[in-house]
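Working notes, structure below.
Since every read-out is calculated from the coordinates, none of them should be taken as a lab result. Quantities reported herein were computed from a predicted structural model and do not represent experimental measurements. Cβ placement follows ideal geometry from the backbone for every residue including glycine, while neighbour counts extend to all protein chains displayed.
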Amino acid sequence: MRRLRPVIGLLLIAAFVAMALLASVIAPYDPFKSSVEVIDPPSARHLLGTDELGRDILSRVIYGARTSLIIGLGAAICAMGIGVPVGLVAGYFGGRVDMLVVPLIDLFIALPGLVLALIITVMVGPNLLNLVLVLGFVMWPSVARLVRGQTLALRETLYIEAARAVGGGSAWIIRRHVWPNIMRVVAAQFAVSVSFAIFTSASLSFLGLGIPPPTPDWGGLVRAGFDFLSLNPLMSLAPGATVTATVMGFYLTGSSVR
Amino acid sequence: MNGTAPLLEVRRLRKWYEIKGGVIPHLIGHVQAVTDVSFSIGRGEVLGLAGESGSGKTTIGRCVLRLIEPTSGEVLFEGEDIGTFGPERLRKFRRHAQVVFQDPFGSLDPRMTVGEIVSEPLEVQKLFPNSKERRDRVVELLETVALSSEFLKRRPRELSGGQRQRVGIARAIAVNPMFIVADEPVSSLDVSIQAQIVNLLEDLREKLGLAILFISHDIVVMEHLSNRIAVVYLGRVMEIGPTDELTSNPKHPYTEALLSAVPDPDPALRGKRIVLEGDIPNPVAPPSGCVFRTRCPRAIAECAAAIPPLREISPGRAAACIRL
């Protein structure tokens with residue numbers, strides 16, 4: 001199972017990325033195009049049926065992968081963009097910056113990510129860009145904490161002292177010794193961040209604070225299907241399953257790096 | 001020394017670490033790692049620094065390279081106080097003064113190849129900007145330490161302890177330094193390898209005219225290589241003098257005890273072993289007067305009264321003991 005984790009994870013990620021990139025090829029219909037076949041049950045023409053506006057659910061789920069990919073990667077990149085430099089500086093230089101950063105990180109981490117994201121989203125309004133920024137903002141402290149801890153441990157190593165002894169400055173040491181040694185852990189945290197962002201954005205959409213319609217996104221699709229659960233349960237279950245599989249894919253991959 | 005200025009001069013070096021405690025953190029004491037240590041090293045000279053673990057040897061080594069900042073005292077390199085160096089001057093200083101660490105496993109970055117490790121000092125110091133020339137220099141350095149170009153692409157984990165230490169030495173001499181601090185360079189190696197590394201250091205000293213501060217807890221290891229030996233205990237110099245004199249005729253009771261602990265292969269020549277009672281005292285609260293008195297077989301009441309100064313007992317020899 002240990003060995004299998006990253007394999008399963010990477011397969012799920014590959015399937016998800018392929019779905020997002022090749023959406024226009026795979027999807028049988030235009031995800032925005034309505035028809036008169038409203039809330040059709042699954043059939044040979046519409047494998048997952050149609051929604052209340054007669055749009056093909058399968059196509060909408062497939063296109064939903066794009067939204068999730070953008071949010072997942074975008075938010076994780078934002079989180080890294082803030083968290084990695086902050087963690088490196090706090091961990092490597094310590095001192096006043098560290099004394100300022102650590103309580104801030106602790107404060108953020110003490111708040112549940114979803115609730116924080118919810119509050120900020122209400123304030124700034126839900127759209128794709130805001131969602132990416134809000135989720136990145138919610139996630140950077142865990143990145144910073146991880147990077148800080150790793151850097152702190154590395155700073156005391158003899159090989160970093162050796163690098164200082166040959167005259168290497170802070171920038172040189174961070175670039176040549178600290179960064180290469182924490183890259184793996186940061187990559188793992190990146191994957192975990194993607195999974196958190198996709199999961200949380202789906203949760204926000206489900207609560208009605210996600211991507212505004214008509215853009216298909218998985219959380220929103222689950223929410224929309226809710227009203228028609230007795231007529232066509234796949235309307236909710238299909239996007240729910242893709243969220244689960246994708247989040248699991250990134251999480252399994254990320255958590256298997258140690 | 002030949003009457004000229006020494007290469008390195010250490011004057012009343014002190015490194016005390018502050019201990020803070022209490023609900024509202026305040027200074028409650030000091031770890032007296034190094035107290036008022038003075039010595040000098042001439043060009044091409046090897047000074048052995050001997051002492052038990054916890055005696056402050058490594059701290060002294062780090063201070064003379066300014067890898068840590070001393071609390072007080074001066075370190076003069078070619079007559080210049082290295083404590084006053086700014087970043088740029090310090091970087092230049094590191095071209096002349098280098099270090100070999102005890103632990104060849106921890107001192108090499110596991111992610112780098114041997115070639116990258118040895119060329120790092122050259123890159124940092126911008127000594128061979130041309131990458132072809134730099135590579136040649138790295139190969140030359142590897143050959144100097146009896147490794148070959150086939151090691152270039154290897155990583156530290158693929159090397160034996162002795163090979164790693166050779167890489168550590170190659171890195172240290174890459175910038176063509178005048179002075180090296182060798183901090184327990186052989187202590188973590190097999191006995192069979194220790195001699196090889198000591199011999200390598202001796203070769204380098206001759207070839208490159210290197211001055212070395214050779215730090216070890218083992219007086220035997222440094223005997224062959226060192227011109228002079230300084231014995232430290234609890235961060236203070238107990239005795240300093242030329243190797244032959246100091247080892248054949250130790251003056252300070254602590255030196256005597258250290259030397260008596262060395263096993264002699266010939267039982268007939270074995271002297272009486274002086275066994276020191278107890279452990280090295282806590283450097284936070286060292287004994288008053290002579291710090292060695294609590295374990296000294298020759299201690300008398302007066303030893304507690306005042307710190308004995310390091311006094312010259314014969315030309316080039318000094319000891320800190322009131323009973324001499």
How large is ³J(HN,Hα), in whole Hz, for each residue of region B:14-28 in order, when computed from phi with the Karplus curve 6.51 cos²θ - 1.76 cosθ + 1.60 and θ = phi - 60°, using x for Gly and Pro? 9, 10, 10, 8, 6, 10, 10, x, x, 5, 9, x, 9, 5, 10
To check my understanding: the extent here is largest minus smallest coordinate of the Cα atoms along each principal axis. What are those three numbers for region B:1-111, in Å, largest first? 55, 40, 34
Rg(Cα)/(2.2 N^0.38 Å) for the protein assembly as shown, N = residue count: 1.34
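Could you work out the Kirkwood radius for region B:220-324, taking every pair of different alpha carbons, averaging 1/r and inverting it, reported in Å?
Details: mean 1/r = 0.0689 Å⁻¹.
Over region B:220-324, the inverse of the mean reciprocal pair distance is 14.5 Å.
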Pairs of alpha-carbon atoms within less than 8 angstrom and 6+ residues apart define the contacts here; what relative contact order does region B:107-223 have, in percent? 27
Taking one equal scatterer on every alpha-carbon of region A:184-258, how large is log10 of I(q)/I(0) by Debye at q = 0.12, 0.15, 0.16 1/Å? -0.37, -0.54, -0.59
In terms of Cα to Cα distance under 16 Å, which aspartates and glutamates are near enough to B:LYS126, apart from those fewer than 8 places away along the same chain? B:GLU88, B:GLU116, B:ASP136
Among chymotrypsin sites (Phe, Trp or Tyr not before Pro) in region B:168-268, those in a DSSP loop whose Cβ has at most 10 other Cβ atoms within 10 Å are none
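Sorting check: for A:195-208, B:22-35, which peptide has the highest mean count of neighbouring beta carbons within 10 Å, and how do the rest follow?
Numbers: A:195-208: 24.4, B:22-35: 14.5.
Going from most to least packed, we get A:195-208, B:22-35.
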From DSSP H assignment alone, runs of 4+ in chain A each adding -39500 (n - 2.57), the sum over residues rounded to the nearest 500 puts [θ] at 222 nm at -24000 deg cm²/dmol
Helix A:179-206: inclination vs chain A longest Cα principal axis, degrees, rounded to 10, gives 30
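Given the alpha-carbon gyration tensor of chain A, what are the semi-axes of its equivalent ellipsoid in whole angstrom, ordered largest first, with each equal to the square root of 5 times an eigenvalue?
On the way: eigenvalues 351, 74, 35 Å².
Semi-axes, largest first: 42, 19, 13 Å.
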To make sure I understand the rule: partners must be lysines, Cα under 21 Å from the Cα of B:LYS207, and not fewer than 8 residues away in the same chain. Which ones qualify? none
So for B:MET178, A:MET19, fewest C-beta neighbours within 10 Å to most, what's the order? B:MET178, A:MET19
Taking amide H positions as placed in the peptide plane 1.01 Å from N, state which residues far from B:ARG43 in sequence (5 or more) or on other chains have amide H under 5 Å from it. B:LEU7
Residues of type lysines that B:LYS132 reaches as a straight line, Cα spacing below 23 Å, ignoring anything fewer than 8 places off in the same chain: B:LYS153
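Above 17 Å lies some portion of the pair distances; for region A:49-128, what is it as a whole percent of all C-alpha pairs?
Values: 2122 of 3160 pairs.
It works out to 67 percent of all Cα pairs.
Considering Cα pairs under 8 angstrom that are at least six residues apart, work out the relative contact order of chain B and quote it in whole percent.
20
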Using the alpha-carbon centroid of each, what span in Å lies between region A:67-121 and region A:181-234? 20
Per the Cauchy relation, a quarter of the hull surface: what is the mean projected area of the convex hull of the alpha carbons in chain B, in nm²? 19.5
In cubic angstrom per residue, the convex hull of region A:110-258 built on its Cα atoms measures 123
